[in-house]
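Here's the structure, in C-alpha cells; my notes come after.
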Amino acid sequence: MGSWFNSLRKTRERFSGALKGLFSSPGPDEATAEELADLLIMADVPMRLVQTLSKELERSASRKEPLLTTFQRVLVDALGQNPPLDWAALPSPGVVLLVGINGSGKTTTAAKLARMALLAGRRPLLGAADTFRAAGSHQLKLWADKIGCESVIGATGGDAAAVAYDAIDAALARRCDVVFVDTAGRMHTKEPLMRELQKVRAAMDKRLPGAPHHTWVVLDAMLGQNAVVQARQFHEMTPLTGAIVTKLDGSSKAGFLFAIRQELNLPILYAGLGESADDLAPFDAAAFVNALLDLDESK
Ligand SMILES: Nc1nc2c(ncn2[C@@H]2O[C@H](COP(=O)(O)OP(=O)(O)OP(=O)(O)O)[C@@H](O)[C@H]2O)c(=O)[nH]1
Ligand SMILES: [Mg+2]
C-alpha cells in the first residue's frame, strides 16, 4: 500500500521550506509565520484554521510548547474523530451508497471497500448502479471477479434505482453482509442527475427499510477546494454520512480535508493512497498531519 508520507509529498512540498524556517528559528519569526500562512492557504487549508494556527503559534512561546507540537496538536484536533466503518455494528446486510462527480474514484473505491470487507471476514456484494456508461458497469464486474465477490450489474441505459433495489434483493437472497452500490458520476451542478440519487435512495429503502445505512461522497483530492464545493452540494441533495478521499497520492492540495471536517462536519473515513485494490486506508489524522509536517512517518 502507498504510505501516508509518500502520498502527501506534493502537498508537503508546497510548504516544507517555510516549515523548516519556522521550526528552526528560536521563537516564532513573524515573516516566516506569514509566509507559512500563505502557503497553507495555497494548499487549500481553510482560512479560519490558518488564523487559529497563527494565534496558537503566538501563544506557544508563553506556554513553552514547542512550535511543532502546537502545529501538530491544532491540525490533528481540527480533523476530529474519523472512525471507519464498524463491520460489527452494521445491520445485515448493511448498505452503503457511493456518490460523487465523474472520475472521482467511486468504482475503484467500491472495489477497494469490498476487498476490505472480505479481509474482515464479511461477504460483500458490489452493485453497479452506474447504468450511464457500459464501461462503468463492466469495470465494476471486472473488479468483482478479480477480488472474488458477489455482484449485481445493471444494464446500460437501465434504471439506476432498479439496480440498487436488485442489489439489495440479491444480497438478502445470497446472505451477503454488506452491499456497496456504485453510482454514475454526476456533476454536482446538474439538478436532474442529483435528483436521480433521491430515486435510488427511495428504491433502496423500499426493499430494505432504513437503507442506505451510509451515503459516502467520494472526492478527488487533486481538486482541492473544489471538492469541498462538490461535497456541500451533494450533502444538500442527499444527506451524507461521510467522505472518502481518493488520489491523495497525486494531490498538492490535501489541505481541503480540514474544510470537509470543519465546515461540513463530515467524517473522513478512508483515503485512497494508490490505484490497486489494497490501496485504501482508514483515515489516520495523526499520520496525515505528520506527513504534512515532514515528520518521520514512524512517529
Ligand atoms: N492514484 C490514484 N488513482 C486513483 C485512486 N482512486 C481512483 N483512482 C484512479 O482514478 C481513475 C478514475 O477512477 P474510477 O474509479 O473509474 O472513478 P469513477 O468515480 O468511478 O468514475 P466515473 O464512473 O466515470 O464517474 C482510475 O484511473 C483509477 O485508477 C487513488 O486513490 N489513487
Ligand atoms: Mg465509475
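Exactly one residue out of 54, 60, 3 is at pLDDT below 80 and either at positive phi or among the polar types (S, T, N, Q) (or both): that is 60. Listed residues 171, 110; which is within 16 Å of ligand 1 (Cβ to nearest atom) and in contact with a strand residue (DSSP E or B) (Cβ under 8 Å, 6 or more places away or on another chain)? Step by step, each of 171, 110 is checked, and only 110 is within 16 Å of ligand 1 (Cβ to nearest atom) and in contact with a strand residue (DSSP E or B) (Cβ under 8 Å, 6 or more places away or on another chain).
Looking across region 45-64, the residues that are part of a loop (DSSP other than H, G, I, E, B) and closer than 23 Å to residue 261 by Cβ come down to 45, 46.
Only one entry in 119, 126 is touching a Phe, Trp or Tyr at 6+ places or on another chain (Cβ under 9 Å) and either surrounded by 19 or more Cβ atoms within 10 Å (Cβ to Cβ) or under 30 Å from residue 278 (Cβ atoms) (or both), namely 126. Scanning region 144-152 turns up no residue that is within 16 Å of ligand 1 (Cβ to nearest atom), touching a Ser or Thr at 6+ places or on another chain (Cβ under 6 Å), among the aliphatic types (A, V, I, L, M) and closer than 30 Å to residue 226 by Cα. Number of residues in region 55-75 that are surrounded by fewer than 17 Cβ atoms within 10 Å (Cβ to Cβ), polar (S, T, N, Q) and closer than 14 Å to residue 289 by Cα: the value is 1. Scanning region 258-274 for residues that are modelled with pLDDT under 95, within 14 Å of ligand 1 (Cβ to nearest atom) and not small (Gly, Ala, Ser) turns up just one, 273.
Applying the condition of being of a type in the set (Gly, Ala, Ser) and touching a Gly at 6+ places or on another chain (Cβ under 8 Å) to region 255-280 and asking which residue is farthest from residue 109 (Cα to Cα) yields 255.
When residue 168 is tested against (1) within 16 Å of ligand 2 (Cβ to nearest atom); (2) surrounded by 22 or more Cβ atoms within 10 Å (Cβ to Cβ); (3) more than 16 Å from residue 277 (Cβ to Cβ); (4) β-branched (Val, Ile, Thr), only condition (1) is not met.
Results for (1) in contact with a Phe, Trp or Tyr (Cβ under 9 Å, 6 or more places away or on another chain); (2) at positive phi; (3) in contact (Cβ under 8 Å) with a residue 40 or more places away in the chain, shown as yes or no for each residue.
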position	(1), (2), (3)
201	no, no, yes
214	no, no, yes
245	yes, no, no
282	yes, no, yes
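The values are calculated or read from the model by the stated rules, or taken from the named source; none is laboratory data. Remember, it's a predicted structure, so these values are computed and weren't measured experimentally. Counting neighbours? That spans all protein chains shown, and the Cβs are built from the backbone with ideal geometry, glycine included.
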